[in-house]
Every structure is written in C-alpha cells, then in structure tokens.
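Student: Dumping the structure here so I can ask a few things about it.
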Amino acid sequence: YLFELKEDDDACKKAQQTGAFYLFHSLAPLLQTSAHRYLAPRHSLLELKGLLGKFGQDAQRIEESVLIGCSEQHEAWFALDLGLDSSSSISAQALLHWHHTHQFCSRSGQPTKKNMAGSKRVCPSNNIIYYPQVAPVVITLVSDGTRCLLARQSSFPKGMYSALAGFCDIGESLEETVRREVAEEVGLEVQSLQYSASQHWPFPNSSLVIACHATVKPGQTEIHVNLRELEAAAWFSHDEVATALRRKGPNVQQQNETFPFWLPPKVTVAHQLIKEWVEKQTCSSLPA
Ligand SMILES: NC(=O)C1=CN([C@@H]2O[C@H](COP(=O)(O)OP(=O)(O)OC[C@H]3O[C@@H](n4cnc5c(N)ncnc54)[C@H](OP(=O)(O)O)[C@@H]3O)[C@@H](O)[C@H]2O)C=CC1
Ligand SMILES: [Mg+2]
C-alpha cells in the first residue's frame with residue numbers, strides 16, 4: 001500500500017482525505033503533554049484545514065506534507081511543517097529536513113518538484129530523480145576481553161563518554177569502516193567484530209547507525225588518541241561501566257570523583273550496545 005501511495009500522486013492525495021497529519025514547526029515536532037508523557041497529536045484533513053485558516057495560511061500548503069507511514073488498516077500518516085518558508089516543500093523530521101535542504105537540481109540548478117508522497121524529488125528540466133539520502137554510520141564498542149573503550153568528543157555534553165563512531169566512506173564495507181575508524185581514532189587494530197543492532201538517527205542529517213562489538217588482542221591495547229577527532233579515550237572496567245549505566249544524565253551531581261562520567265541515554269543504540277557488553281561480561285563471570 002505504501003508503495004502505491006509513493007508511486008501514484010492521485011492515490012496519495014485520496015489517502016490524505018482519511019489520513020492523519022502530524023505537525024512540525026521549523027523541524028521541531030508539535031507535542032502535547034499528557035500524564036508526564038509527550039504525545040504527538042494527530043489531525044484529520046478537516047482539522048488541518050481549520051488550523052491553517054486560523055494561522056492565515058493557504059490550504060495549498062497541505063501539498064507540502066510528506067507520507068511517513070500507514071496503519072495496518074491503510075490509514076496513511078503524513079507530516080507537515082508549518083514553520084518553514086511557504087515556498088519550500090517539506091517532510092517526520094529527517095524527511096522534512098531532507099526536502100528543505102534539497103530544493104534544487106545539482107545538474108541543472110533548476111528547482112526540483114516533490115512527488116505527492118514526498119518519497120522523491122524530480123527535476124522538471126532533465127527528469128533526474130533525487131531520493132532521500134541516508135548516511136551509514138558505524139558505532140563500535142571495543143573490548144580487550146575485560147575492559148571496554150569509551151571516548152568523548154569535545155562537542156559532547158560535559159562528562160559524557162560513548163563508543164567510537166564514524167561515517168562510512170564511499171566504497172567501504174561496514175567491517176572496513178569499523179577497522180578504519182578504530183585505527184583512526186584510537187590507533188588500535190580490530191581483531192574480530194560482531195553486529196549488534198541498528199537505529200535511524202536524524203541528527204545532524206539522516207543516518208543509519210549500525211552498532212557492533214569489536215575486540216582487540218589483549219596484548220595490543222595501548223591507545224593513541226587522535227586529538228583532531230576526540231578529546232579523550234580510555235579503557236573502563238566492567239564495574240565502572242555498570243555503575244555509569246545506572247547514572248542518569250548530566251543533571252545529576254556527581255558525588256564520587258572516581259566515576260566522573262556518564263553514558264548516552266537509553267534511547268540511543270550506543271546505550272544498548274554498552275548495556276549488552278556489561279550483561280555479557282556479567283554472564284561470563286558467573287560460575288558455571
Ligand atoms: N544513535 C547513537 O547511539 C549514536 C549516534 N552517533 C551519530 O553518529 C554520527 C557519526 O559519529 P562521529 O563520531 O561524529 O563521526 P566521524 O568520526 O566520522 O566524524 C564526524 C565528521 O566526519 C565528517 N563527515 C564525513 N561524512 C559525513 C556525513 N555523511 N555526514 C556528516 N559528517 C560527515 C564531518 O566532518 P566536517 O564536519 O568537517 O564536515 C564530521 O564532523 C554523529 O552524527 C552522531 O550523532 C554516534 C554515536 C552513537
Ligand atoms: Mg567519530
């Protein structure tokens with residue numbers, strides 16, 4: 001069904017009649033607080049038209065919405081940004097952002113036109129099709145068997161350490177990216193690696209973060225921090241990491257100077273990767 005909506009502008013327009021719209025303003029989602037949770041309110045086409053009228057905006061703006069999914073019952077879901085310049089066409093956040101920053105054909109310089117679903121943009125002068133881009137990123141938790149390596153960039157919030165990360169270069173396999181990034185950032189040679197999980201990551205542009213565990217040879221653990229990429233990197237013991245996992249974000253005052261660091265929040269695949277390592281270490285240290 002989604003494929004049909006992406007390929008057929010008329011079918012997509014029809015789906016808007018019974019669909020649900022989620023709203024953004026300058027790429028920030030409109031959220032509603034409800035019992036200490038944030039919910040994204042849904043709007044029918046009729047409600048949306050009413051809202052647009054209230055804000056003095058033309059109903060034509062609905063053409064700028066982008067398809068972001070559908071329910072099992074074929075209710076189509078759309079996202080619309082009411083805060084961006086009305087001449088731009090838009091898309092949930094990552095897709096909206098991509099449309100906002102890909103308005104022109106890089107061959108002809110002419111404005112490109114979004115299809116109804118927002119799954120692509122086409123240059124009317126040469127028919128070149130542009131599809132939304134995703135940049136693959138690997139995130140690697142390096143271990144020497146008993147400790148794991150965590151690092152921080154100067155741009156991280158104060159005290160936060162995470163696993164190593166890096167964008168894939170063109171032509172690389174994921175395995176090659178892991179080996180290159182680990183060598184580049186901390187001067188270590190990866191011995192083996194294992195895939196863990198992946199996550200869509202909309203910051204700064206749309207990325208697909210692929211998380212892996214990697215090992216280095218126990219005798220080859222000396223870190224050479226690349227200070228152009230990282231502010232610091234160090235080996236941490238199982239206990240240090242397990243304690244840091246229980247610590248909540250930067251707002252918590254650190255009581256104990258021995259553990260001055262904290263880890264990325266639960267929502268990140270980085271957190272899941274570190275948690276997985278801690279759990280694996282705990283299991284392997286239990287008596288058989
Ligand atoms: N969800 C998660 O758990 C995690 C997500 N991440 C995300 O992974 C990303 C990569 O990690 P990071 O260590 O910064 O990567 P890198 O080590 O590859 O370094 C980032 C630098 O690479 C350059 N670069 C190369 N290709 C791209 C591209 N396609 N898009 C943007 N920059 C590119 C940029 O340089 P220049 O600025 O000079 O152009 C950028 O500053 C970050 O955006 C981070 O938010 C990282 C860890 C965990
Ligand atoms: Mg990096």
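Quick note: the coordinates plus some simple rules give every number you see, no bench work behind them. Note that this is a predicted model, so its numbers are computed, not measured. Neighbour counts are summed over all protein chains in view; Cβ atoms, including those assigned to glycine, are modelled from backbone coordinates with ideal geometry.
Student: Over all distinct Cα pairs, what is the inverse of the mean 1/r for the range 102-163, reported as the Kirkwood hydrodynamic radius in Å?
Tutor: After inverting the mean inverse Cα-Cα distance, the result is 15.5 Å.
Student: With no solvent and one equal point scatterer placed on each C-alpha of the range 135-205, evaluate the Debye formula and give log10 I(q)/I(0) for q = 0.12, 0.25 Å⁻¹, two decimals.
Tutor: Evaluating at q = 0.12, 0.25 Å⁻¹ gives log10 I(q)/I(0) of -0.33, -1.37.
Student: Once label points are set 7 Å from the Cα along Cα→Cβ at both His74 and Val225, what is their separation, rounded to one decimal in nm?
Tutor: Placing both labels 7 Å along Cα→Cβ, they lie 5.8 nm apart.
Student: Placing one identical point scatterer on every Cα of the chain and ignoring solvent, what is log10 I(q)/I(0) from the Debye formula at q = 0.11, 0.13, 0.16 Å⁻¹?
Tutor: Results for the chain at q = 0.11, 0.13, 0.16 Å⁻¹ read -0.81, -0.98, -1.17.
Student: Ordered by packing density, taken as the mean number of other Cβ atoms within 10 Å over each peptide's residues, highest first, how do 235-243, 101-109 rank?
Tutor: So the peptides 235-243, 101-109, ranked by packing, come out 235-243, 101-109.
Student: To the nearest 500 deg cm²/dmol, what mean residue ellipticity at 222 nm is calculated for the chain from DSSP H runs of n ≥ 4 alone, each contributing -39,500 (n - 2.57), summed and divided by the residues?
Tutor: Computed mean residue ellipticity for the chain: -7500 deg cm²/dmol.
Student: How big is the convex hull of the Cα atoms of the range 135-285, per residue, in Å³?
Tutor: Given the Cα convex hull of the range 135-285, per-residue volume reads 116 Å³.
Student: Given R₀ = 35 Å, FRET efficiency for Thr146-Ser198 by Cβ-Cβ distance, to 0.05?
Tutor: Computed FRET efficiency for Thr146 and Ser198: 0.85.
Student: Under the 0.36 nm per residue contour assumption, what length would be gained going from the current alpha-carbon distance of Lys158 and Asn126 to full extension?
Tutor: 6.6 nm
Student: Further, regarding this structure: What are the GluC sites (Glu not before Pro) within the range 188-239 that DSSP puts in a loop, where the Cβ has at most 14 other Cβ atoms within 10 Å?
Tutor: Glu189, Glu222, Glu231
Student: Calculate the translational D of the range 1-155 in whole µm² s⁻¹ from Stokes-Einstein, where the hydrodynamic radius comes from the Kirkwood formula applied to all Cα pairs, the temperature is 20 °C and the viscosity 1.002 mPa s.
Tutor: 122 µm²/s
Student: Given a Förster distance of 25 Å, report the FRET efficiency between Lys280 and Leu39 from their Cβ-Cβ distance, rounded to the nearest 0.05.
Tutor: Computed FRET efficiency for Lys280 and Leu39 comes out at 0.10.
Student: Can you tell me how much longer the chain between Leu174 and Gln110 gets when fully stretched, taken as 0.36 nm per residue apart minus their C-alpha distance, in nm with one decimal?
Tutor: Answer, rounded to one decimal: 19.5 nm.
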